[in-house]
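Bear in mind these aren't lab numbers, they're just calculated from the coordinates by the rules spelled out. Note that this is a predicted model, so its numbers are computed, not measured. Note that each Cβ is placed from the backbone with ideal geometry, even for glycine, and that neighbours are counted across all protein chains shown.
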Amino acid sequence: MLSVRPKVTDLVFQLYGRALHPELFEIHASRSIDRGGYSVVVSITTTGHVITWRKDGLTLTEIATAASEPLPQKRRLISHRLAGDHSDRMECRGGITYQTCFQLESIAPDAFWGFQQELVVEGSKQGLLHRFESGGRMALGAVSLITLETRARSLLIQCFHTFPDDMSVVKTQSIFECPSSTEAA
């Protein structure tokens, strides 16, 4: 199995209005959380991440993955190449909102290795962390860190994925929000 990152230029960011089969991804670390009537499963994959959020029969699945991955077209709500900066927002049934922004940043080598070390230190304190094997060209492998802030009506997820061969970092931030009971009425 591949345990190193694909080229950063091959990445896409997508949102689905459904769950995706876990066997579509090579999962390295995963965590499940139930809070305030919603549940979420966050997973670090070889190519990035998979986040599956559920509440009252609504399922949203966010992925950062390689464009070459064989993913379904059915109920794909958002699809963007992971390049530069981008933001998106979606209103869902029941007053639920999904917001995201992502950034692909190229970093000078010294700053890149320092940032990667900061992620490892932060990940040892909180969040979901995975360190990948070296791809051969670089002495150190990639790092992925996912942090979560849960509230009764919202979830904030930040993901950081490093790509040492490209000296690049993918940063994503997503917010899943439920309406207050007065807004839903």
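What 222 nm value per residue comes from the helices of the chain, counting each DSSP H run with n ≥ 4 as -39,500 (n - 2.57) and dividing by all residues, nearest 500 deg cm²/dmol?
-3500 deg cm²/dmol
Roughly what angle does helix 109-125 make with the longest principal axis of the chain, taking Cα atoms, 0 to 90 degrees, to the nearest 10?
50 degrees
Short version: what are the Cα gyration tensor semi-axes of the stretch 8-184, square root of 5 times each eigenvalue, largest first, in whole Å?
Gyration-tensor ellipsoid for the stretch 8-184: 28, 17, 15 Å.
Provide 54, 31 in ascending order of the number of other Cβ atoms located within 10 Å of each residue's Cβ, fewest first. Show your work: numbers first, answer last.
On the way: 54 17, 31 13.
Fewest-to-most Cβ neighbours within 10 Å comes out as 31, 54.
For 23, 62, 122, which order do you get if you count the other beta carbons within 10 Å of each Cβ and list the fewest first?
Final ranking by Cβ density, sparse to dense: 23, 122, 62.
With a sphere of radius 14 Å drawn around the Cβ of residue 48, what net charge do the other residues whose Cβ falls strictly inside it have (Lys, Arg +1; Asp, Glu -1)?
-1
Defining a contact as two alpha carbons under 8 Å apart and six or more residues distant in sequence, what relative contact order in percent does the chain show?
Working: 399 pairs, mean separation 40.8, N = 185.
Answer for the chain is 22 percent.
Could you line up 82, 156, 20 from fewest to most neighbouring Cβ atoms inside 10 Å?
Numbers: 82 24, 156 15, 20 19.
Least to most surrounded, the residues fall as 156, 20, 82.
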